[in-house]
Structures are given as structure tokens and as C-alpha cells.
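Below is one structure, written out as C-alpha cells, with a few remarks after it.
The values are calculated or read from the model by the stated rules, or taken from the named source; none is laboratory data. Since we're looking at a predicted model, the values are computed, not measured. Here the Cβ is made from the backbone with ideal geometry for all residues, glycine too, and neighbour counts use every protein chain on show.
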Amino acid sequence: MTDQKPGPQAREMADFTHANDPFALFAEWLKEAAASEPIDPDAMAVATADADGLPNLRMILLKGADERGFVFYTNKESAKGIELAHNPKAALLFYWKSLGRQIRIRGPIEQASDAEADAYFATRHRDSRIGACASAQSRPLASRAVLEEEVARLTKAFGSGEVPRPAYWGGYRVIPLEIEFWRSGAYRLHDRIVFRRASPGEPWSKTRLYP
């Protein structure tokens, strides 16, 4: 966010504002981030709001993206799960410092299907699956030892058998009504375009924005 001239990656994308398909442009930028960002190029900030309208924000990993929307997984009884149950809308933010780019996404959410959640859960490392079963996410924890004891208990209980997905663990899909692409520019003269639509399935309109 400094007053620097754009790096070589930014100059190579000088014509991104001519794009007409936000999903294709997102896929292109994510692919380039995967080659440029040293850690977790799929990391994104997820914003929700509580019952009083107070925003909440945390970093999480994107686990699916297509024309239906953007998918992440979590404990449904966590703070974000409770907030999404009361206010099923969310905002996402990707920021890739190595490329001088960010993408902002806003829209309603829907729960991913059980089949989708089962398929993704099965790809997780066994220890991560046990961890998901052991954690009462977002709720008070007396000590680290309590969590480690529960992990040890479940590890013994499951033995060499399958670790099933807990019923309280699942996925959410953000269905975008707005997708904004931002690229760092010299002396804060950034490039911004935003795609908007009134509802899912309707055509996108595109607007270029002042920095």
C-alpha cells in the first residue's frame, strides 16, 4: 500500500480492466498468486456480522471457486457459523502483496451440500480431521492440555478406522453479487474495476472506479 511504482507483475496485467468475465479473471489471478505468493495464496479474510450488526473478521482458506461461488469450510457452531445462521451474508478479501493485487467479494451465502463437505473432509490430513472433531471452535477453553487430551482420546477411539465428518462441520458458499479487482498503481493511482449484478444468474455490469 505504499507510494511505489508497480512491480513487473502489475505492469504485465495492464489490460485487466478490459476483462468481461469476473470468474475467469479471478481464476487467472489466483493461478498467478499460486506461483508468486510464498504461503497460502488461497488465504482470504472472511467478514460476517453478529446479531447487533457488529462486523467480525478472520483469515481462512478458500476451498472451492467456480461460477456458483466461493466455498470455505468451518465448524457451524463457531462464531462465524452462528453469525451466518442469523445473517446469511458475507464479504471476502484476497490480498496478494507479491503482485500488488486484491479482490473483494460480497454476497449472500448458502450451505454447501453434505456430499461436498464429505468429499473435502476426506481430503484433509487425518490429524486435521481429528482436530475438527476435538475442537468446540470459538468457545471457551480451560487450557491447551484439555484440547490435547481430547485429541488423544479421539485418536485412540478412532484407532486405524475412518474419521467421519462431524455433523456440525460443513461448508459455506458465498454467492457473489459484487466482485472488485484492484491493482496497485504508482503514487496510489490504483486500477479498480467492479462487477455487479442484482441477483445470482443475472448478467454482470462492469464499472471502472476511481482509486
**OP:** Show the residue pairs that are 6+ apart or on different chains and have beta-carbon atoms under 9 Å apart, the first residue being within segment 141-158 and closer than 15 Å to Arg129 by Cβ, the second being among the β-branched types (Val, Ile, Thr).
**Re:** Val151/Ile130; Leu154/Ile130; Leu154/Val163; Thr155/Ile130; Phe158/Ile130
Subject >> Hits in segment 156-174 (condition: within 22 Å of Ala117 (Cβ to Cβ) and either crowded, with 18+ Cβ neighbours inside 10 Å or over 28 Å from the mean Cα position of the chain (by Cα) (or both)) >> reply: Ala157, Phe158, Gly161, Val163, Arg165, Trp169, Gly170, Gly171, Tyr172, Arg173, Val174
Original post:
Which condition breaks for Tyr95 when tested against (1) touching a Pro at 6+ places or on another chain (Cβ under 6 Å); (2) under 30 Å from Ser199 (Cβ atoms)?
Top reply: (1)
Subject >> Cross-chain or 6+ apart pairs with Cβ under 6 Å, segment 18-45 first and among the acidic types (Asp, Glu), then part of a loop (DSSP other than H, G, I, E, B) >> reply: Glu37/Ser98; Asp42/Leu62
Original post:
For residues in segment 20-31 being of a type outside the set (A, V, I, L, M, F, W, C) and surrounded by fewer than 18 Cβ atoms within 10 Å (Cβ to Cβ), which is farthest from the chain's Cα centre (by Cα)?
Top reply: Asn20
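Taking only segment 35-57 into account, find how many residues are of a type outside the set (A, V, I, L, M, F, W, C), assigned to a strand (DSSP E or B), out of contact with any Ser or Thr (no Cβ under 7 Å at 6 or more places or on another chain) and exposed (fewer than 14 other Cβ atoms within 10 Å of the Cβ).
First pass over segment 35-57, keeping only residues of a type outside the set (A, V, I, L, M, F, W, C): 36-38, 40-42, 48, 50, 52-53, 55-56.
So of that shortlist, the ones also assigned to a strand (DSSP E or B) come out as 48, 55-56.
Next, only the ones that are out of contact with any Ser or Thr (no Cβ under 7 Å at 6 or more places or on another chain) stay: 48, 55.
Now drop any that are not exposed (fewer than 14 other Cβ atoms within 10 Å of the Cβ), which leaves 55.
Of the residues in that region, 1 qualify.
Applying the selection to segment 114-141, what residues are closer than 21 Å to Arg173 by Cα, in a helix (DSSP H, G or I) and either of a type outside the set (Asp, Glu) or modelled with pLDDT under 95 (or both)?
To start, the set of residues in segment 114-141 that are closer than 21 Å to Arg173 by Cα comprises 114-124, 129, 132, 137-138.
Filter once more, so that each one left must be in a helix (DSSP H, G or I): 114-123, 129, 132.
Hits for segment 114-141 are Ala115, Ala117, Ala119, Tyr120, Phe121, Ala122, Thr123, Arg129, Ala132.
For segment 58-75, how many residues meet the condition of being basic (Lys, Arg) and assigned to a strand (DSSP E or B)? Steps first, answer last, please.
The initial filter retains those residues of segment 58-75 that are basic (Lys, Arg), namely 58, 63, 68.
Those left that are additionally assigned to a strand (DSSP E or B): 58.
Matching residues across segment 58-75 total 1.
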